[in-house]
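Asks: This structure is in structure tokens; I'll ask about it shortly.
The values are calculated or read from the model by the stated rules, or taken from the named source; none is laboratory data. Computed from a prediction, not measured in an experiment: that's the story for all the values here. Methodologically, a virtual Cβ is constructed for each residue, glycine included, from the backbone with ideal geometry; neighbour enumeration extends over all protein chains shown. Heavy atoms of the whole protein, side chains included, go into the accessibility calculation; ligands, DNA and RNA do not. Shrake-Rupley method; radii C 1.70, N 1.55, O 1.52, S 1.80 Å.
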Amino acid sequence: MQTRPRTKFVMQLKSRRCPKCGAKLNNQVKRCKRCHQAQTKPKK
């Protein structure tokens, strides 16, 4: 059985960074700690 390739979408889910200030975020966070910018999920 093969594993699925790591697509651009999957990579975007993994690298959680703030779109405004670029701070690294953990997966559960809804807002950035540094600038309080709301997070957007990448569109499928």
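Asks: Filter the range 12-37 for residues that are touching a Pro at 6+ places or on another chain (Cβ under 9 Å) and aliphatic (A, V, I, L, M) and give the result.
Replies: The answer is Leu13, and nothing else.
Asks: Let me ask another. Pick from the range 1-17 the residues that are farther than 19 Å from Lys44 by Cα and at pLDDT 75 or above: which of them is farthest from the chain's Cα centre (by Cα)?
Replies: Here the answer is Gln2.
Asks: Tally up the residues in the chain that are β-branched (Val, Ile, Thr) and surrounded by 10 or more Cβ atoms within 10 Å (Cβ to Cβ), please.
Replies: Residues that pass the stated criteria total 2.
Asks: List the residue pairs whose Cβ atoms are under 9 Å apart, where the first residue sits in the range 21-44 and is farther than 18 Å from Met11 by Cα and hydrophobic (A, V, I, L, M, F, W, C), the second is open to solvent by 60 Å² or more (accessible area, probe 1.4 Å) and part of a loop (DSSP other than H, G, I, E, B), and the two are 6 or more positions apart or on different chains.
Replies: Cys21/Arg34; Cys21/Gln37; Cys32/Pro19; Cys32/Lys20; Cys35/Lys20; Ala38/Lys30
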